[in-house]
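Working notes, structure below.
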Amino acid sequence: MRLVVATRNEHKLRELRKLLSGHELVALPPEVALPPESGSTFEENALIKARAAAAATGATAIADDSGIVAAALDGHPGVHSARFAGEAATDEENLAKLLREVPPDGDRRVAYVCVIAYIEPGREERLFDGRCEGTLAAEPRGGGGFGYDPAFVPSEVADGRTMAELDPAEKDAISHRGRAARALAGWLAEERKAAA
């Protein structure tokens, strides 16, 4: 199936292409403007982006909204993860702010959350979510991944490596985006079977 991906984030597009390798994922055309992510939840923001892409292209579209939630910060940065340190902040600046704001001796629990919205024009909208629990490392480690990965230690990794220290297959198996994408892929497979 051909899916337009409503993102300008090359990391996300590359990751989703790998996770949904049975489908043709195409980048959002450059002339299509994405509206501001004005929602207060990951679900709302994913729908805003997917609806805009589907309306502009007339094609089936998906959009992911994801971020990190920190227990010590009452769930923040949440939907503001990509701009936690400001609108034009880099991944490094966002991560540095999170490490400053979560007390070293405080609650270090964090979770990655991802919601993928699926919009097929003329059909019901669908949402697929994934979550990965972990703890915040004291300092960044590892050269892989992006965003908050260098300080995110997944609970399912017994040796204490961060997401940025995992190989891509290990990360995809437990990541929030991997779980949401597999839920979407499973649903698409069922839909295809039902239509056959």
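So here's what we get for this one:
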| item | result |
| --- | --- |
| Acute angle (nearest 10 degrees) that the helix 91-101 long axis makes with the longest principal axis of the chain, alpha-carbon atoms | 50 |
| FRET efficiency estimate (nearest 0.05) - Cβ-Cβ, Arg17 to Arg109, R0 35 angstrom | 0.65 |
| Counted charge near Gly39, where neighbours are those whose Cβ lies closer than 12 Å (Asp, Glu -1; Lys, Arg +1) | -2 |
| Residue exposure sequence - Ile174, Ile116 - by fewest surrounding Cβ within 10 Å | Ile174, Ile116 |
| At 1.567 mPa s and 4 °C, Stokes D of the stretch 73-149 from Kirkwood alpha-carbon radius, µm² per second | 91 |
| Convex hull volume per residue in cubic angstrom - Cα atoms of the chain | 116 |
| Å³ per residue enclosed by the Cα convex hull of the stretch 150-196 | 70 |
| Among 103-109, 51-57, the order from most to least packed when residues are scored by Cβ within 10 Å on average | 51-57, 103-109 |
| Reference-scaled alpha-carbon Rg (2.2 N^0.38 Å with N residues) for the stretch 107-196 | 1.30 |
| Distance in nm between pseudo-label sites at Arg182 and Leu127 (7 Å out along the Cβ direction from Cα) | 2.2 |
| Rg followed by Dmax, in Å, when the stretch 1-101 is reduced to its Cα trace | 14.7, 44 |
| Order of Phe42, Phe146 - criterion: other Cβ atoms within 10 Å of each residue's Cβ, fewest first | Phe146, Phe42 |
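Just so you know, all these numbers are worked out from the coordinates, no wet-lab data involved. Please read these numbers as outputs of a predicted model, since none were measured by experiment. We place every Cβ from the backbone using ideal geometry, glycine too, and count neighbours over all the protein chains shown.
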